[in-house]
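The values are calculated or read from the model by the stated rules, or taken from the named source; none is laboratory data. What you see is a predicted model, and the numbers here were worked out from it, not measured in a lab. Using ideal geometry, Cβ is built from the backbone for each residue, glycine included, and neighbour counts are taken over all protein chains shown.
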């Protein structure tokens, strides 16, 4: 379980987030939504130990990320999508990660199959499309077979077929009992996979709860967009 409580962070005189509080539970897909600059990425960076809060806590299974005994097998995270050496193949990239983190090499083939890159695994990454790079990033995040998966804008760069595949992957991860937390701007996609949503605006949570309770089951994509624009004062994308 992910628990974020009263999380606050400023950069100089700019308050990035203030009092962010929510829970992401096992077996559910939780979507973190908000306009650009609302504080989504700041929240995820603090959760993953990449930034320190001024106040509040963000824990995974009751522990801060830096205190986890085996973070690779606990959390699979993807915040930056293009951190590959362009001259390495996808397979070599994953093998290097497995060696560094002490994972069995057999996991490389397993995640390549999972993200459907087996056929291009031996090509150099510089030949990959943006969507293929996204899949490789997902493979890296899932290499440790983690119980928690966190991603910032995972749908970016995927074509419609890829987005459908990603929906099915996120749903399967949650159905397997994992905790899934993703940020996204694509509200129609969120409405098709999320169990719970957390909407933030100007660094604060402005709404949260089970998607079905917030928008119902009739045209959830359109209803979620209406709710989002209402809660963020119509400033989406600003």
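For the criterion of being assigned to a helix (DSSP H, G or I) and out of contact with any helix residue (DSSP H, G or I) (no Cβ under 6 Å at 6 or more places or on another chain), residue 166 passes.
Evaluating residue 205 against the criteria (1) part of a strand (DSSP E or B); (2) closer than 18 Å to residue 75 by Cβ leaves one unmet condition, (2).
Of the residues in the stretch 180-196, none is more than 14 Å from residue 31 (Cβ to Cβ), touching a residue at least 12 places away in the same chain (Cβ under 8 Å) and within 14 Å of the chain's Cα centre (by Cα).
Just one residue in the set 156, 137, 90 is more than 30 Å from residue 63 (Cβ to Cβ) and either crowded, with 18+ Cβ neighbours inside 10 Å or touching a residue at least 60 places away in the same chain (Cβ under 8 Å) (or both); that residue is 90. Scanning the stretch 159-170 for residues that are over 12 Å from the mean Cα position of the chain (by Cα) and either touching a residue at least 12 places away in the same chain (Cβ under 8 Å) or crowded, with 20+ Cβ neighbours inside 10 Å (or both) returns 159, 162, 163, 165, 167, 169. Among the residues of the stretch 17-48, those identified as at pLDDT 95 or above and in contact with a helix residue (DSSP H, G or I) (Cβ under 7 Å, 6 or more places away or on another chain) are 17, 20, 27, 28, 29, 31, 32, 33, 47, 48.
Scanning the stretch 205-238 for residues that are surrounded by fewer than 17 Cβ atoms within 10 Å (Cβ to Cβ), at pLDDT 90 or above and over 25 Å from residue 149 (Cβ atoms) gives 222, 226, 229, 230.
Only one entry in 229, 173, 181 is in a helix (DSSP H, G or I) and within 22 Å of residue 79 (Cβ to Cβ), namely 173.
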